[in-house]
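Take a look at the structure below.
We did not get these values from a lab; they are worked out from the coordinates using the rules stated. Bear in mind the structure is a predicted one, so any value in this text is a computation, not a measurement. Neighbour counts are summed over all protein chains in view; Cβ atoms, including those assigned to glycine, are modelled from backbone coordinates with ideal geometry.
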Amino acid sequence: MSTHDLIVIGAGPAGMATASKAADLGLTVAVLDEQPRAGGQVYRDVDRVAALRGDILGADYTQGATLTAGLHHQAIEHVPGATVWAIEDGFRVSYTRAGRGAQIAADRILLATGALERPMPLPGWTLPGVMTAGAGQILLKQSGVLAKSAALVGCGPLLYLIAAQMVRAGTPPVAMIETQTRSDLIEAARHVGGALRGWPYMLKGLKMLAEITRAKVPRYPGATEIRIEGTDTAEAVSFVHRGRAHRIACRTVFLHHGVVPNTQAARSLGVSHRWHAGQSCFAPRLDVWGQSDVTGVFIAGDGAGIGGAKAAELAGRLAALKVAEESGRLSTDERDRQAAPLRSAHARELAARPFLDRAYPPFAGALAPEDATVICRCEEVTAGDIRGHARLGCLGPNQAKAFSRAGMGPCQGRYCGLTVTSLLAAANGTSHDETGYYRIRPPLKPVTLGELATLEHSAPDTAE
Amino acid sequence: METEYAIIGGGVVGLSVAWGLLKRGLTVTVLDGDDGSFRASRGNFGLVWVQSKGMNQPRYARWSQQSAAIWAEFAEELGHNTGQPVPLEQKGGYDLHFSEATLEATVAKYNDLKTKLDGDYPFEVLGHNALRKEEPQIGPKVVGAILHHQDGHANPLKLLKSLAADVRRMGGRVLTGKTVTDVTKPDGFRLACADGTTVGAGKVVLSAGLGAAALGPKLAFRAPVRPQRGQVLITEKLPKLINRPSLIARQVDEGGIQIGATNEEVGTDDRVTQPGLSGLAAEAIAAYPALARAQLVRSWGALRVLSPDGLPIYQESAEFPGAYLVTCHSGITLAAAHARLLPDWLEATKAAPDLEVFSETRFAVS
């Protein structure tokens, strides 16, 4: 029942690049994307917003428009506003669009589901007024909303990017409470050779830091014991910096300590994943073309391991070459000829990664939260609950889920999964790979029963 | 001897038996699998159910009734011991019908069974209007229901958790991440695990669910159990919508509506399928139309542990006395019986329940 040669899930840089390359090579492609307009997180809504706020968001953002243009191809069916809730063997993709269930199918599928912000469970992080830096950026990109009196907490390039964007918009953050330490930087220096090959990134980073410094935003690197205070809403961030306790009043707190691959769709298909120690997250096991150990399932972009927008685009093109070759549209020689320059560009893009990973590691205090801290927001489960369930014999997150309800809520475990695995691994003295991850099942995103019922179905037998 | 009893399988069945034995002061070691094991204990529907059970074997109906009758005090004791209540509601349950013909046929069978049970089978038939008074959200396609007053439902995950906690509290030794690969009886029983662990035990209870099929023959059991997949849905938490449970849907104590279940012979494939989920959704909406707007938040497939006739198997090994096979499909319903009544059978006391009809010799080739 194939409807297309290739289905692409996600219209960020990887998905858009894959689709346009595959279409150029003669394949019919369907691109399903949750957002109303193409661009993914990094180029969110770029076709509309570039003209409105391009000056604040910067040139890296506005150039996303060249990718969205590539989707205007007669062999590409771009389906925006599509919430994919099941992907099954075949590959049959079930999704909802404008309140109606629908399906498409293809022999090959490319998952370009990108990254999620790593959750940052700190005391007080569930208070109103606290959100991820990415959520803050979405408000800025989509609606032009800027938070006044906001503190930025965490580390990493995105934190500097949003700080720089806030400075440009005339509402600089009240403080940057940064979790990376001096020794992180020293350790990272070992990777500086690689970072130099990725010099454009380093230059960009330095430029952003200069903007932040010029705006006299107070910075507190190496902060520890970070807590968000407040009763009904966030009122302040308290922390220790260079041995001294600080308390900074604010009304909004943006948290960020890196991004991690969104592996839900891949896991629901049974793709094997491995713990990536350098990035403290799970990443799918892929060959050099982005093909997983489930035949026909390709993964490109940050969902395959964090590499950034440019690397995502290149990985998408490489996957498209392989799909075209497998579909008989390209000889292996031609595939390899076209792949060579893409591969060296991809390697250049990834060169700065080990430096960044080491310079801005996730905040240790949020990887192993104190017992009282909530780690599953949907079901209000604390770190102490999970540790207690390890004592009750839970070796992995699926047992802990049954005991605690962590991972049972509407987010399907996206936001607590890595924390639960890490807590259990530490409590049981096992590795992350041994501990494993939630068994991910449909619905990948909530869907109404009414939408489900409109699709073709088998009659249930209600006999006990 | 390290332990008087070794229990192979740490699901609801194994832990219920372990709990009952520990309460009698016996020493117990439970060998449990890992995070990826097939676990009916965390995939089941959570009914404490009497109606429709044992239509052809009144003893099974009676056994289910016995368990249901002592479930509340069992749950109460677990909750008291662990500080973790096990939610249970026993105010009856429905068998919903979409056609007069199936309703009448079922009522006729229930009446037969009622006679065999000396009249102890309290059910009533509700027509659409009477049902609507009880369940205002019921849909027009439901022609009526059988309301059985001995039915109810529990929170099966909280039962599992409380059992896990209380077995440990009472001194039960629980070894996790174990796959038992061999059982021998040189003197006492000797259990060998894949990771090299060995356990010596005076008696062995094989309650490993589907795992019994492979391990049973080592103890001279036939253990004819097979998997049958059930797909289950659960919605977002909702205000009170359903008062009493049925096989189609129940509202759990946390507020979600649980919808079940398919019956599929697909081996050990425990995935869900879109046609399966859609079929369940359509049926639930036919029963309760308001559910069309409810969000599905989770679905799963779990494998029932079924014997050829669907009834439990309680069997002591003829060749290896002291080894017992305990397996059933309805581990939640029967949890109270397994915890409070089965130890008498294992210990062969005067109070031992008569479980002769559940012997696996009933499957012997004649």
- Message: Suppose a student asked you for the relative contact order of chain B, using Cα pairs under 8 Å spaced at least 6 residues apart; what percent would you report?
- Response: 24
- Item | Crossing angle, helix B:12-23 versus chain B [Cα axis fit, 0-90 degrees, rounded to tens] | 60
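Which of the peptides A:328-341, A:223-236, B:300-313 is most tightly packed, and how do the rest follow, going by the mean number of other Cβ atoms within 10 Å of each residue? Don't skip to the end; give the middle numbers.
Values: A:328-341: 13.7, A:223-236: 17.0, B:300-313: 20.9.
Descending mean neighbour count gives B:300-313, A:223-236, A:328-341.
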- Message: Run the reach check for residue A:310 against lysines, Cα to Cα strictly under 27 Å, same-chain hits fewer than 8 apart removed. What comes back?
- Response: A:21, A:141, A:204, A:207, A:322
- Message: How charged is the neighbourhood of residue B:229? Take every other residue with its Cβ under 9 Å from the Cβ of residue B:229, and add Lys/Arg as +1 and Asp/Glu as -1.
- Response: -2
- Message: I'd like to know which of B:85, A:307, B:219 lies farthest towards the positive end of the charge dipole of the protein assembly as shown, counting +1 on Cβ of Lys and Arg and -1 on Cβ of Asp and Glu.
- Response: A:307
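Restricting to bridges with both residues inside the protein assembly as shown, how much of the DSSP beta-bridge set is antiparallel, in percent to the nearest 5?
Working: 78 of 124 bridges.
Taking every DSSP beta bridge with both residues in the protein assembly as shown, the antiparallel ones total about 65 percent.
Quickly estimate the mean residue ellipticity at 222 nm for the protein assembly as shown, helices only: each DSSP H run with n ≥ 4 gives -39500 (n - 2.57), and the total goes over all residues, rounded to 500. Could you put the intermediate results ahead of the total?
Working: 28 runs with 277 residues, N = 830.
Computed ellipticity for the protein assembly as shown at 222 nm equals -10000 deg cm²/dmol.
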- Query: When every alpha-carbon pair in the protein assembly as shown is counted, what percent end up more than 41 Å apart?
  - Reply: 41
- Item | Gyration tensor (alpha-carbon) shape descriptor, region A:226-379, a/c threshold 1.5 | prolate
- Give the cysteines in chain A for which no other Cys Cβ lies under 4.7 Å away, or write none if there are none. A:155, A:250, A:281, A:378, A:394, A:411
- Give me the angle, in degrees from 0 to 90, between the Cα long axis of helix B:156-169 and the longest principal axis of the Cα atoms of chain B, rounded to the nearest 10. 30
- Item | Contact order relative to length of region A:375-424, as percent, for alpha carbon pairs under 8 angstrom and 6 or more apart | 48
- Message: Taking R0 as 41 Å, what FRET efficiency do you get between residue A:272 and residue A:52 from their Cβ-Cβ distance, rounded to the nearest 0.05?
- Response: 0.40
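Could you list B:169, A:348 in order of exposure, starting from the residue whose Cβ has the fewest other Cβ atoms within 10 Å?
Numbers: B:169 13, A:348 17.
Fewest-to-most ranking of B:169, A:348: B:169, A:348.
Give me the percent relative contact order of chain A, please, defined on Cα pairs under 8 angstrom at least 6 residues apart. Mind showing how you got there, number by number?
On the way: 995 pairs, mean separation 84.0, N = 464.
Computed value for chain A: 18 percent relative contact order.
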- Query: What order do you get for B:194-204, B:124-134 when each peptide is scored by the mean count of other beta carbon atoms within 10 Å, highest first?
  - Reply: B:194-204, B:124-134
- Message: Going by average Cβ density within 10 Å per residue, which order do the peptides B:139-147, B:40-48 take, highest to lowest?
- Response: B:40-48, B:139-147
- Query: If you count the DSSP beta bridges with both ends in region A:119-257, what percent of them are antiparallel, to the nearest 5?
  - Reply: 40
- For labels at residue B:318 and residue B:91 in the simple 7 Å Cα→Cβ model, what's the distance in nm? 5.0
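Would you mind giving the mean number of other chain beta-carbons within 10 Å of the Cβ of each residue in A:81-89, as a whole number? Walk me through the numbers on the way to the answer.
Working: counts 0, 0, 0, 0, 4, 6, 1, 5, 2.
Rounded to a whole number, the mean comes out at 2.
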- Could you tell me whether chain B comes out rounded, prolate or oblate from its Cα gyration tensor? Rule is a ≥ b ≥ c as square roots of the eigenvalues, rounded for a/c under 1.5, then prolate if a/b exceeds b/c, otherwise oblate. prolate
- Message: If amide hydrogens are placed 1.01 Å from N in the peptide plane, which non-local residues have theirs closer than 5 Å to the one on residue B:323?
- Response: B:204, B:317
- Task: Determine the dipole magnitude for region B:1-159: charges of +1 sit on the beta-carbon of Lys and Arg, -1 on that of Asp and Glu, nothing else is charged, the reference point is the Cα centre, and the result goes in debye to the nearest 20.
- Result: 220
- In a GNM of chain B with a 10 Å cut-off on Cα contacts, which of B:348, B:69, B:214 has the highest mean-square fluctuation? B:348
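Over the whole of B:289-298, what's the average partner chain Cβ count within 10 Å per residue? Rounded to a whole number, please.
On the way: counts 1, 1, 4, 7, 4, 4, 9, 11, 10, 11.
If you average over the peptide's residues, the count of other-chain Cβ atoms is 6.
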- Query: P(r) of region A:119-257 in 5 Å steps, Cα pairs, percent per bin?
  - Reply: 2, 10, 19, 23, 20, 14, 8, 4, 1, 0
- Once label points are set 7 Å from the Cα along Cα→Cβ at both residue B:130 and residue B:100, what is their separation, rounded to one decimal in nm? 1.6
- Item | Nearest-20 debye value, the protein assembly as shown charge dipole, Cβ charges on Lys, Arg, Asp, Glu | 2340
- Item | Beta bridges per DSSP with both ends in chain B, % antiparallel, nearest 5 | 75
- State to the nearest 20 debye the size of the charge dipole of region B:226-306 about its Cα centre, where the only charges are +1 on K and R beta carbons and -1 on D and E beta carbons. 180
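For region A:1-41, what class follows from the C-alpha gyration tensor (a ≥ b ≥ c being the square roots of its eigenvalues): rounded when a/c is under 1.5, otherwise prolate if a/b is larger than b/c, else oblate? It would help to have the intermediate numbers written out before the result.
Numbers: a/c = 2.98, a/b = 1.47, b/c = 2.02.
The shape class here is oblate.
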- Task: Would you mind computing, in nm to one decimal, how far apart the modelled labels at residue A:347 and residue B:349 are, each placed 7 Å from Cα along Cα→Cβ?
- Result: 7.5
- Query: In the structure shown, do any of B:161/B:240; B:116/B:237; B:141/B:240; B:158/B:178; B:23/B:240; B:114/B:161 have a Cα-Cα gap over 31 Å, and if so which?
  - Reply: B:116/B:237; B:23/B:240; B:114/B:161
- State the answer as a single residue: which of A:98, A:51, A:11 lies farthest towards the positive end of the charge dipole of region A:8-98, with beta carbon charges of +1 for Lys and Arg and -1 for Asp and Glu, about the Cα centre. A:51
- Pairing the Cα long axis of helix B:58-82 with the longest principal axis of chain B, what angle in degrees results, from 0 to 90 and rounded to the nearest 10? 80
- Task: Within 10 Å of each Cβ in peptide A:387-393, how many partner chain Cβ atoms are there on average? Round it to a whole number, please.
- Result: 4
- Query: Quick one: what Rg and Dmax do you get for chain A from the alpha carbons, in Å?
  - Reply: 22.2, 72
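What FRET efficiency comes out for residue B:238 versus residue B:263 if R0 is 41 angstrom and r is the Cβ-Cβ distance? Round to the nearest 0.05. Numbers along the way, then the final one.
Numbers: r = 26 Å, r/R0 = 0.64.
The computed FRET efficiency comes out at 0.95.
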- Go through A:113, A:399, B:7 and say which Cα lies farthest out towards the positive end of the charge dipole of the protein assembly as shown; charges sit on Cβ, +1 for Lys and Arg, -1 for Asp and Glu. A:113
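Divide the volume of the convex hull of the Cα atoms of region A:368-435 by its number of residues and quote the answer in cubic angstrom per residue. Write down the numbers at each step before the final one.
Details: hull volume 4.5 nm³, N = 68.
In region A:368-435, the Cα hull volume divided by residue count equals 67 Å³.
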